[in-house]
Amino acid sequence: AQKITQTQPGMFVQEKEAVTLDCTYDTSDQSYGLFWYKQPSSGEMIFLIYQGSYDEQNATEGRYSLNFQKARKSANLVISASQLGDSAMYFCAMRPSYGNNRLAFGKGNQVVVIP
Amino acid sequence: KAGVTQTPRYLIKTRGQQVTLSCSPISGHRSVSWYQQTPGQGLQFLFEYFSETQRNKGNFPGRFSGRQFSNSRSEMNVSTLELGDSALYLCASSAITGTGANVLTFGAGSRLTVL
């Protein structure tokens, strides 16, 4: 079974500053994928970034980057230059690389960006 | 390109009734997954359909069922509603299933309230 842990309390971030959201995971799979999604108050889950377990480079997508430390089983999301529109819940999720589309999600991190 | 469309967006039912939720995936996507989101349990996988076949099922009672049609549209049904079924039900689609960086695109969800 896969388990995702996100334990940070709600965070207030100053606009234009960077924020790091922690995610640790536990799995017996050797090949897996890690995802971060953003959920604004509207409810829709928005894909942000993906990291494969065998990817040697940390993933980056615009202002989002993933600090992947496989040995520590952590996949922290870094948002650079925060914007007011970044206020949302952020979810870390994982899935085995092969077999199905079943995602296991963490409980999420609440981020509020203040001007 | 149209996104994932879920209907209805909001609905209120009473205990004992049944409900059917609909999901239209992105054109060309053959995989549809369903998730339940509650404040207490977070995001939990319900089931996944690919080419009209259920590929995977989460740990939910038999009251929760689903199906997928030949045009990839999917429905989920909950019978004999309980108060604990109140949740945001999210549908996600993807072109393929169970491979690498295959990203799930989510709809805005159907918010069910059971009175």
(request) Quick one: dipole size for the protein assembly as shown, taken about the Cα centre, charges +1 on Lys/Arg Cβ and -1 on Asp/Glu Cβ, in debye to the nearest 20. (result) 500 debye
(request) Over the residues of the protein assembly as shown, compute the C-alpha Rg and express it relative to 2.2 N^0.38 Å. (result) 1.01
(message) Could you order the peptides B:72-78, A:55-61 from most to least packed, using the average number of other C-beta atoms within 10 Å per residue?
(response) B:72-78, A:55-61
(request) Take the solvent-accessible surface of the protein heavy atoms, probe 1.4 Å, and return the percent of it on the range B:1-67 that carbon and sulfur atoms account for. (result) 45 percent
(request) Would you tally the net charge around residue A:68, using a Cβ to Cβ cut-off of less than 11 Å, leaving residue A:68 out, and scoring K and R as +1, D and E as -1? (result) +1
(request) Report the charge-dipole magnitude of chain B in Debye, nearest 20, computed about the Cα centre from +1 at each Lys and Arg Cβ and -1 at each Asp and Glu Cβ. (result) 120 debye
(request) Please average, across the residues of A:50-57, the number of beta carbons from any other chain that are within 10 Å of each residue's own beta carbon, and give a whole number. (result) 1
(request) Mind checking the range A:30-66 for chymotrypsin sites (Phe, Trp or Tyr not before Pro) that DSSP puts in a loop (not H, G, I, E or B) and that have at most 14 other Cβ atoms within 10 Å? (result) A:54
(message) For a 26 Å ceiling on Cα separation, which of these pairs sit above it: A:38/B:13; A:38/A:73; A:3/B:57; A:70/A:107; A:107/B:57?
(response) A:38/B:13
(request) May I ask you to order A:12-22, B:37-47, B:103-113 by the average number of other C-beta atoms within 10 Å around their residues, highest value first? (result) B:103-113, B:37-47, A:12-22
(message) I'd like to know which of A:51, B:87, A:112 lies farthest towards the positive end of the charge dipole of the protein assembly as shown, counting +1 on Cβ of Lys and Arg and -1 on Cβ of Asp and Glu.
(response) B:87
(message) What does the net charge come to around residue B:66 if you take all other residues with beta carbon closer than 13 Å to its beta carbon, with K and R at +1 and D and E at -1?
(response) +2
(request) Give me a single rounded figure for B:39-50: the average over its residues of other chain Cβ atoms within 10 Å of their Cβ. (result) 3
(request) Scan around residue A:107 for amide H atoms under 5 Å from its own, H built in the peptide plane at 1.01 Å from N, and keep only partners 5 or more places away or cross-chain. (result) A:6
(request) Report, ordered by chain and residue number, the aspartates and glutamates lying within cross-link reach of residue A:16, taken as a straight Cα distance under 20 Å and ignoring same-chain residues fewer than 8 apart. (result) A:61, A:86
(request) Count the net charge of all other residues whose Cβ sits under 12 Å from the Cβ of residue A:19, scoring Lys and Arg as +1 and Asp and Glu as -1. (result) -2
(request) Based on the mean of other Cβ atoms within 10 Å per residue, sort peptides B:28-35, A:38-45 so the most packed one is first. (result) B:28-35, A:38-45
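The values are calculated or read from the model by the stated rules, or taken from the named source; none is laboratory data. Not measured: the values here are computed from a predicted model. Every residue, glycine among them, receives a Cβ derived from its backbone with ideal geometry; neighbour counts consider all protein chains shown. Calculation scope for accessible area: heavy atoms of the full protein, side chains included, ligands and nucleic acids excluded. Shrake-Rupley method; radii C 1.70, N 1.55, O 1.52, S 1.80 Å.
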